[in-house]
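Only one structure is covered here, and it is reproduced in the block below.
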Amino acid sequence: MAASSNHPKMKGELRISDSMDELATHLVEYISQLSENSVKEYGCFTIAVSGRTLIDLIGKLCEAPYIRTVDWGNWYFFWADERGVAKDHVDSNYKLTKDGFLSRVPVPSKHIISINDNISIGEAALRYEFDIRQLVKAHTINVDMHADCPKFDLILLEMGADGHVASLFPKNEALREKTNWVVYIIDSPEHPPERITFTLPVINSACNVIIVATGEDKANAVHQAIPVREAGDGFDVTSSPAHMVNPSHGKLVWFLDAAAASKLCPGDDGPKV
Ligand SMILES: O=C1O[C@H](COP(=O)(O)O)[C@@H](O)[C@H](O)[C@H]1O
């Protein structure tokens, strides 16, 4: 049975499931609710995803009842990060998402804003940000006036075992970016080295951010990322990019399985939920 908790010592709401299947069930129900609310309120749903296990987890959206109940025609689809490889390469987040999800749901192809793989990584980052700006201008994507950033309805992230989210890796220069919406890196500690990623100002301007973490190998990073830290406690926030996710006017929800949540317990900085 999933447990859900809000705790003043934890950043965001925690939803902890006993199994991957249960986590997927709760995750897709939550996404379908967000989609319904956004379409009702603004006429569309702007979603950015990242890669790997996430795409398997959202696969349930391609099945009954969601395949018929979700308003796919009003979805606008983006990537929070992409690897510097061709779109048909096994490492590509586009390929993963296309094969495992987008080919199974009727999102209009002109609503799928992918990253150009025919130009240099620097040009592709600029072009992707330009494409997003055009959709902000057209009022398809809302805007956070205070941050001068797009306000995506949902940014769906998966945390790596080192605490990275999207392609924002521990201690990387990209974590300091304050102005650009999209940047590229050429020094990813994980293969491939070239990546394009949303920056923290964009992630933290979203209406909703979900971070998924599953498996025992993520337990330490979860323990680093979720507890609220006191200023001056010596914790270097750049060692945990996921800890730096803190939507300024939006909602953050963590979807964890029991193994990933296993180190969040009394004696740490918060309660077991
Ligand atoms: O490199 C990436 O990794 C994360 C997830 O990390 P993993 O260790 O669980 O595979 C992913 O969300 C991101 O999109 C991707 O480019």
- Return His191, His164 ranked ascending by Cβ neighbour count within 10 Å, so the fewest neighbours appear first. His191, His164
- Remind me, relative contact order of the range 19-111 in percent, using alpha carbon pairs under 8 angstrom and six or more residues apart? 30
- Query: Using the eigenvalues of the Cα gyration tensor, what equivalent ellipsoid semi-axes result for the range 1-86 when each is taken as the square root of five times the eigenvalue, whole Å, largest first?
  - Reply: 22, 18, 16
- Task: Pull up all non-local amide H partners of Tyr76: gap of 5 or more, or a different chain, and H-to-H distance under 5 Å with H placed in the peptide plane.
- Result: Phe45, Thr46, Ile47
- Query: Taking neighbour Cβ counts within 10 Å as the exposure measure, how do His243, His89 sort from fewest upward?
  - Reply: His89, His243
- Of every Cα-Cα pair in the range 151-202, the percent that sits beyond 17 Å: 32
- Among 80-88, 230-238, what's the highest-first ranking by average C-beta atoms within 10 angstrom per residue? 80-88, 230-238
- Message: If you take every residue apart from Asp187 with its C-beta less than 13 Å away from the C-beta of Asp187, what net charge results, scoring Lys and Arg +1 and Asp and Glu -1?
- Response: -1
- Share of pairwise Cα separations in the range 1-159, more than 18 Å, in percent: 63
- Mean shadow area of the range 128-240, taken as a quarter of the surface of its Cα convex hull (nm²): 7.9
- Note on the structure: Residues meeting the amide H criterion for Glu13 (H placed from the backbone, H to H distance under 5 Å, 5 or more places apart or on another chain) are Leu252, Val253, Trp254
- Are any of the pairs Lys137/Lys178; Lys95/Lys263; Lys11/Lys178 more than 23 Å apart by Cα-Cα distance, and if so, which? Lys95/Lys263
- Task: Starting with the highest mean, order 17-30, 134-147 by the number of other Cβ atoms within 10 Å, averaged over the residues of each peptide.
- Result: 17-30, 134-147
- Task: For the chain, count the residues as N, evaluate 2.2 N^0.38 Å, and divide the Cα radius of gyration by that value, please.
- Result: 0.95
- Query: Which of the peptides 50-56, 66-72 is most tightly packed, and how do the rest follow, going by the mean number of other Cβ atoms within 10 Å of each residue?
  - Reply: 50-56, 66-72
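Each value in this text was obtained by applying a stated rule to the coordinates, not by laboratory testing. Computed from a predicted model, the values in this text were never measured in an experiment. Don't worry about glycine lacking a Cβ; one is built from the backbone with ideal geometry, like all the others, and counts go over all protein chains shown.
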